[in-house]
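The values are calculated or read from the model by the stated rules, or taken from the named source; none is laboratory data. Owing to the predicted nature of the structure, the values given are computational and were not obtained by experimental measurement. As a convention, Cβ positions derive from the backbone with ideal geometry for all residues, glycine included, and neighbour counts pool all protein chains shown. When the accessible area is computed, the model is the full protein with side chains, heavy atoms only, and any ligands, DNA or RNA have been set aside. Shrake-Rupley method; radii C 1.70, N 1.55, O 1.52, S 1.80 Å.
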Amino acid sequence: MNLLELPKHTSDLFTKSGYSRRYPGSSSFSIDVLEEWLVRVRILPDGKSRLDRTWMILGTKESSDLPKEGRNRDDSGVFSCPAWESGSAETYLFLKTASLEVRIDRDSTCLSWHDSQGNMFAGDLPTKPYLIDADGRGVYHYLRREPQEAYYGFGERTGRLNKRGSRMRMQNLDALGYNARTTDPLYKHWPIYITFRPDLQIAYGLIYDNLADTVFDLGKEIDAYHDDYRYWHAEDGDIDYYMIYGPSIKEVAERISLLIGRVPLPPRWSLGYLGSGMGYTDSSKASVRLDEFAQLCMKHDIPCDMFHLSSGYSMSNDNKRHVFSWNRDRVPEPESISRLFHQAGIKVAANIKPCLLDSHPEYQEASRQGLFLQDEHGAHLSMFWGGKGSYIDFTSENGYRWWKKKVADEILNYGIDATWNDNNEYEVWNSTIQCSGFGRPISIALIKPLQSLLMTRASYESQCENRPELRPYLLCRSGCPGIQRYAQTWSGDNSTSWETLRYNIPMGLGLSISGQPNTGHDVGGFWGDAPSPELFIRWIQNGILHPRFSIHSWRLDGTASEPWMYPEITPLVRELIRFRYRLIPYLYSLFFEASRSGTPIIRPLIYQFPEDPELTDESFNFLIGPKLLAATVFTEGARERDVYLPAGTDWCDIATGKWYAGGSTVTVPAPLERIPLLAAEGALIPMGKTMQFVGSETDDVRQVLVFPGNEGQSWFDLVEDDGVTNRYRDGGLTILRLHVKSSAPRIILDIEYLALGYQLPYAAIDFLLPPGESRPVVCRKSGCETDPLPDGRRVISVAL
């Protein structure tokens, strides 16, 4: 290692897009103004891009996707490139937009960032802003670390939400049974984070468009010869980052989502309970075990919408998992599996893996076709589950097409509904491996996470081509920014413990605010002993509030975590899953907003309440949407919970109707059957009815839990469509804006149509007031008060 700073530049000039410098040798530095709130900074050690394409950054002009071959990094046509001004002072040059100013030190390559009022909110470390390894290919970016800064994002990382003081490595690994508080690295390469300055009430984001193995240090390292600093380090590639100005956390998160691509609106059924368990297909009697699951859902009256077909269906008789190769001893007729689940109203997702073991029946032919990653000896062999194998090179046209055809022929043609893209970390450590690069070879060191992204994209395309009338559903474990454009994800193979339940929460929140809001966790824990009845109940109570709700496990004794595993709590489990189904109208509307604006579904409290200093380090309480707070119970034996409630609003316990003042810590009941859910003043929570599966009966009930405050007004957009096709894109949806306005003498309710392209299955909406609410209610539309519910809630029925 020979780390060098950039030398004194030999030339510099303002350019059409910003500013550039050249250095002795070939290195270059440039700044490009792309939006009023967006500036790109590049340092190219070789004077040209080590990787001249991006698969991460779509741009800011609304675009559904970019070419699978990647987008030219120098293409500025995907940005609006607004007017900006330049100038100079005694010690610096500057570029300025209406929102943002970047100052460039005349003598060093040191940048400082300022808002429109001149407040400096970020800056490079003056003593060593950028370093390049002259003996290798590593690059570094050092920034100042200010005392009050908080750092959020980085994808799903273990530990607390605020990563200040931590050090993280991004090198995707199959982290079976990880510790959700301490293990690092994990499954995803996500070089995106938000810095929040509470003292200035300014937030900004940084996206490093580099897929090489990476380290972020947020203050773990200190050095007496430098002021406090943080840094980013990549083992290869260039320094190529985007500064995203907010100034709010909300604006930064939405702009990150715009840049990397937003989640698609998923099929409505994917918001139901998604069953799973390794033991079913690993069993020698897989067909019998699978049929039992569907029958037991019916027997115990457990709603279910999808089942994950684990990789045991492709496991040979000598226990080798051969992707796309059905074991006809375990599953004699693959199409019968989809039939039996479909008869119960349950969809099926099949597990697929991107590595062919060298014992795979098609390995030799695939090698002959050049489908695999190549080293100096030919197809590269890596350690994989069950032995040595070779990974498909998805930057090879042959490999990409082969995969799509296999998904169609061996999965979809058997009636399987979805793909579960798994074990795609691409653990290869030979730097001589060359990827095809769609005709322009690329070192694997530059694009390992891209292989996971392209795998998922190929599966997505195959599903779309096979069933063009339906929205596809996919699941993907590993990857990088971009996977959210195609698939849901989850936090991988967690372990069973109270600590995992607790620390999985900030993992999901960090991923949600850094561009992938469609996420969840294996409820009950994937690896280890079965959860106790109490832990299982508490985990389900948390899981039903996440975008993805799935119970999944791998027990070495062949058992699985199942809703009916403990008869003494099965009634509680049933009611919790039913509550999940009642929440679907609310969750689906939040998904629609996420697909349109990038707003996360689950949110850290600091996202919604940045002015409350008590929330900067809050990791475990979270919001579902803008006004519903969840306080998960993660302490064994607890039957009450201390909860700090954000300041600026009062909060109502939705179970009891009791109001609490914001800005205070309160103790709320947490009996075994529920966790505390508290609604802020003005909250509107649309609810539906319980079904055995989504669409099993007419969805003709809408109730809205409404929580009028003392004074004020708010609204929520309820989105309705057919839930399965893409007709919503062409106007086939209805959006109802639900209003509540409250004052001391009365409450006013109203419903406004924002779109009317889908025939609603209900003719009225019932608004449910909290117990004890006695103010008169006025409806702008035709409405009447009906008999109160047994718990004392008043019901106002408003006709549509």
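Table for the structure above
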read-out	value
Residues located in region 647-676, provided they are β-branched (Val, Ile, Thr) and outside any strand (DSSP E or B)	Thr649, Ile654, Thr656, Ile675
Flag if Ile416 is closer than 22 Å to Gly70 by Cβ, among the hydrophobic types (A, V, I, L, M, F, W, C), touching a Pro at 6+ places or on another chain (Cβ under 9 Å) and crowded, with 21+ Cβ neighbours inside 10 Å	no
Selected residue [farther than 25 Å from Ser166 by Cα and within 21 Å of the chain's Cα centre (by Cα)] from Pro303, Pro264	Pro264
Region 758-772, subset touching a strand residue (DSSP E or B) at 6+ places or on another chain (Cβ under 7 Å) and open to solvent by 50 Å² or more (accessible area, probe 1.4 Å), residue farthest from Pro686 (Cα to Cα)	Tyr758
Residues satisfying the stated conditions in region 517-534, i.e. over 26 Å from Gly312 (Cβ atoms), surrounded by fewer than 24 Cβ atoms within 10 Å (Cβ to Cβ) and not polar (S, T, N, Q)	Pro533, Glu534
Every residue from region 423-449 that is part of a strand (DSSP E or B) and either within 20 Å of Gln488 (Cβ to Cβ) or of a type outside the set (A, V, I, L, M) (or both)	Gln434, Cys435, Ser443
Close pairs from region 703-719: first modelled with pLDDT of 95 or more and surrounded by 23 or more Cβ atoms within 10 Å (Cβ to Cβ), partner acidic (Asp, Glu) and not in a strand (DSSP E or B), Cβ under 7 Å, at least 6 apart	Phe707/Glu681; Pro708/Glu773
Output for region 546-556, where each listed residue is in a loop (DSSP other than H, G, I, E, B) and either without any contact (Cβ under 8 Å) to a residue 24 or more places away in the chain or buried (at least 24 other Cβ atoms within 10 Å of the Cβ) (or both)	His546, Pro547, Ser553, Leu556
Some residue of region 157-165 being out of contact with any Ser or Thr (no Cβ under 9 Å at 6 or more places or on another chain), outside any strand (DSSP E or B), under 24 Å from Thr500 (Cβ atoms) and free of Cβ contacts under 8 Å to residues at least 40 places away in the same chain	no
Selection count, region 423-448, where residues are buried (at least 21 other Cβ atoms within 10 Å of the Cβ), touching a Pro at 6+ places or on another chain (Cβ under 9 Å) and either under 17 Å from Gly378 (Cβ atoms) or of a type in the set (D, E, K, R) (or both)	2
Residue list for region 778-794, restricted to those being touching an Asp or Glu at 6+ places or on another chain (Cβ under 7 Å) and farther than 24 Å from Thr734 by Cα	Arg794
Residue within region 391-405 that is open to solvent by less than 30 Å² (accessible area, probe 1.4 Å) and under 20 Å from Asn319 (Cα atoms) present	yes
One residue from Arg746, Arg727, Arg737, Arg775 being of a type in the set (Lys, Arg), touching a Pro at 6+ places or on another chain (Cβ under 9 Å) and surrounded by 14 or more Cβ atoms within 10 Å (Cβ to Cβ)	Arg775
Enumerated strands (runs of 3 or more DSSP E) restricted to region 568-646, each holding at least 1 residues that are of a type in the set (D, E, K, R) and on the phi < 0 side of the Ramachandran plot	602-604, 640-645
Residues (part of a loop (DSSP other than H, G, I, E, B) and open to solvent by 10 Å² or more (accessible area, probe 1.4 Å)) located in region 325-344	Ser325, Trp326, Asn327, Arg328, Asp329, Arg330, Pro332, Glu333, Ala344
Those strands (runs of 3 or more DSSP E) lying entirely in region 167-286 with at least 1 residues open to solvent by less than 30 Å² (accessible area, probe 1.4 Å), under 26 Å from Glu35 (Cβ atoms) and in contact with a Gly (Cβ under 9 Å, 6 or more places away or on another chain)	192-197, 202-208, 229-234, 239-245
Neighbours by Cβ (under 9 Å, 6+ apart or cross-chain): first from region 112-140, under 23 Å from Leu44 (Cβ atoms); second among the β-branched types (Val, Ile, Thr) and part of a loop (DSSP other than H, G, I, E, B)	Asp124/Thr109; Pro129/Thr109; Tyr130/Thr109
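Residue-by-condition table, conditions (1) part of a loop (DSSP other than H, G, I, E, B); (2) surrounded by 24 or more Cβ atoms within 10 Å (Cβ to Cβ); (3) not small (Gly, Ala, Ser):
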{"position": "Gln451", "(1), (2), (3)": "no, yes, yes"}
{"position": "Met455", "(1), (2), (3)": "no, yes, yes"}
{"position": "Gln463", "(1), (2), (3)": "no, yes, yes"}
{"position": "Pro481", "(1), (2), (3)": "yes, yes, yes"}
{"position": "Ser491", "(1), (2), (3)": "yes, yes, no"}
{"position": "Thr500", "(1), (2), (3)": "no, yes, yes"}
{"position": "Asn504", "(1), (2), (3)": "no, yes, yes"}
{"position": "Gly510", "(1), (2), (3)": "no, yes, no"}
